[in-house]
Amino acid sequence: MAERDDELEHYLKGGSKLSRAWREAADEEPNADLDEVIIEAARREVHRGPKVAYSPFSRSWGVPLALAAVLVVSVTVTLVMHEDASEPLPVPVDGAPAAPAPAAEAQSPKAPAVPKREEPRAPEPALKEHVRPDSREREATPRQAAPAPFAGQALKPPAESAARKQALPSAPATPQQEENAAAAATRAKVEDAGRVQEMAPEEWLARIEELRRQGKQAEADALLAEFKKRFPDYPLDARPK
Amino acid sequence: MVGMDREITDEALMLRYRDGDAAAFEALYERHRGGLYRYFLRQTGERGRAEELFQDVWVNIVHARRRYRPSAKFSTYLYRVAHNRLIDDYRSRRGRVPVSFDDPDCPGEETLPDPRGPEPARELERREQTERLLAALGALPEAQREAFLMHQEGGLTLDQIAAAMGVGFETAKSRLRYAVARLRRELGERDG
C-alpha cells in the first residue's frame with residue numbers, strides 16, 4: 001500500500017511516464033460544429049437578459065394582473081366622466097366672484113371680506129377638472145345638495161346689479177316711476193301672500209279702499225288697475241274713490 | 001478561439017460570463033473543451049454519446065450562469081456537473097449505476113490484463129503505446145477511470161475529485177491510486 005501511495009504521489013506531480021503517455025494519447029477534440037452550437041447557445045443566453053428578474057409568480061400572474069389593472073382604470077375613468085356629464089354645467093355670470101383660490105387666501109389672510117370685482121372671464125372647462133371637489137366628499141353628501149361650483153352664484157343676483165339697485169333710492173325719481181314701483185311692490189306683496197287668485201272681487205275692492213284710507217293712493221291705483229284687468233266685467237258702482 | 005489572458009482564472013471568467021460577457025465564456029470553453037470531451041469519450045467509448053453528454057453539460061452551465069457562485073474551483077464545478085450527467089446516462093441506459101461507483105476498493109481488478117504478461121517491446125511506436133493505454137483505461141472500472149480522467153483531463157486534485165464525484169477524500173484517493181497502478185503496469189513504467 002505504501003508503495004502504491006508513493007506511486008500515486010509521483011503521478012500527481014505530473015512528471016510520470018504515464019502522464020506523458022496520456023498527454024500524447026489524448027488528442028481527440030470536439031468537432032467545430034459542436035463548438036459553434038455551444039458558443040452560440042452561450043451568446044443567446046447572454047442576450048436574453050436576466051431571467052431571475054421574473055419570478056414564477058410574475059411569470060404566471062403578471063399579464064392577467066396588468067390586464068385587470070387596465071380594466072379597473074378604464075371603468076373608473078368612464079364612471080367619472082359619466083358623473084361629470086350629468087352634473088349641471090356652471091352658468092357663467094358676469095361679475096360673479098370666482099372660486100376662492102387657496103393660494104390667494106394664504107397670501108392675504110387679512111384681506112377684506114368684500115369680494116373684489118374681477119373682470120368677467122370665459123368659462124374654463126379645464127379649470128373645472130382642477131377645482132372639482134374630491135370625489136369622496138361628493139359621495140358623502142346628497143347629490144342635489146352638493147354645491148356646484150357656480151350654481152349658488154348663478155341663482156343670486158349679480159353683485160353689480162344688486163349694488164345698482166341699492167343705489168336707485170338715492171337717485172332722483174319721477175312720480176310715475178314712484179307709482180310704478182309702489183304698484184309693483186303691492187302686487188308682489190299680494191302675490192307673495194298667495195291670495196291673488198283666491199281673492200273675491202269684493203275683497204279686492206275692500207283692499208283698495210283700505211289702501212286709500214291709509215293714504216297709499218299709488219298702491220290703491222295700481223291695485224285697482226290690476227283689478228280691472230282681472231275682472232273687466234265687474235260693475236264698479238260701488239268702486240272706491 | 002479567444003485570446004483571453006491565461007492569467008485570468010476560470011472563476012473570474014465564469015463571473016464575467018455570469019455578468020453578460022459572452023467572450024469570457026468562449027475563453028473558458030476553449031480551456032476545457034478538449035479535456036471534458038475526452039472525459040466523456042473515454043467513459044462512454046462512443047463518439048456520438050460523448051458529444052451528446054458534452055453538449056448537455058455545457059448547455060447546463062450556460063443556463064445556470066446566473067446562479068454561479070465561485071465557492072469552488074470552476075473545474076470542480078464543471079466535472080461535478082459532468083459526473084452527474086454521466087450517472088444519469090448510466091441509469092437511463094443500463095438501469096443502474098456501475099458497481100465500481102459503490103465500491104471504492106477497486107472491484108474488477110481481476111479483469112485487468114496480467115501486468116506480468118509478455119514484456120512489451122523496448123521501443124514501441126507511439127501509436128501502439130497509445131492504443132494500449134486506451135485499452136487499459138477502457139478496462140478500468142468506471143469509477144477508477146473517472147477519477148483518473150478528472151485528474152488527467154480536468155486537472156483536479158484529490159480533494160476536488162472527491163467533491164466532483166460526491167465521495168470522501170479517501171475513496172477518491174483509493175480510486176485514483178488503483179487506476180494509476182494498473183495503467184503504469186500496462187505501460188511497463190517502473191521508475192516514472
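The values are calculated or read from the model by the stated rules, or taken from the named source; none is laboratory data. These numbers were taken from a predicted model, which means no experiment stands behind them. Cβ: placed from backbone, ideal geometry, glycine included. Neighbour counts: every protein chain shown.
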**OP:** Can you work out which of the residues in region A:1-23 that are surrounded by 13 or more Cβ atoms within 10 Å (Cβ to Cβ) and charged (D, E, K, R) is farthest from B:Arg182 (Cα to Cα)?
**Re:** A:Arg20
Original post:
Residue check: is B:Leu124 under 28 Å from B:Ala181 (Cα atoms), at pLDDT 85 or above and within 14 Å of chain A (Cβ to nearest Cβ)?
Top reply: no
Subject >> Identity of the residue in region A:8-49, among the acidic types (Asp, Glu) and farther than 20 Å from B:Gly154 by Cα, that ends up nearest to the other protein chains (Cβ to nearest Cβ) >> reply: A:Glu45
Original post:
Can B:Glu26 be described as within 14 Å of another protein chain (Cβ to nearest Cβ), within 18 Å of B:Glu153 (Cα to Cα) and of a type in the set (D, E, K, R)?
Top reply: no
Subject >> Verdict on B:Val81 being outside any helix (DSSP H, G or I) and either modelled with pLDDT of 80 or more or closer than 30 Å to B:Glu30 by Cβ (or both) >> reply: no
Original post:
Restricting attention to region B:29-64, which residues are more than 8 Å from every other protein chain (Cβ to nearest Cβ) and basic (Lys, Arg)?
Top reply: B:Arg31, B:Arg42, B:Arg47, B:Arg49
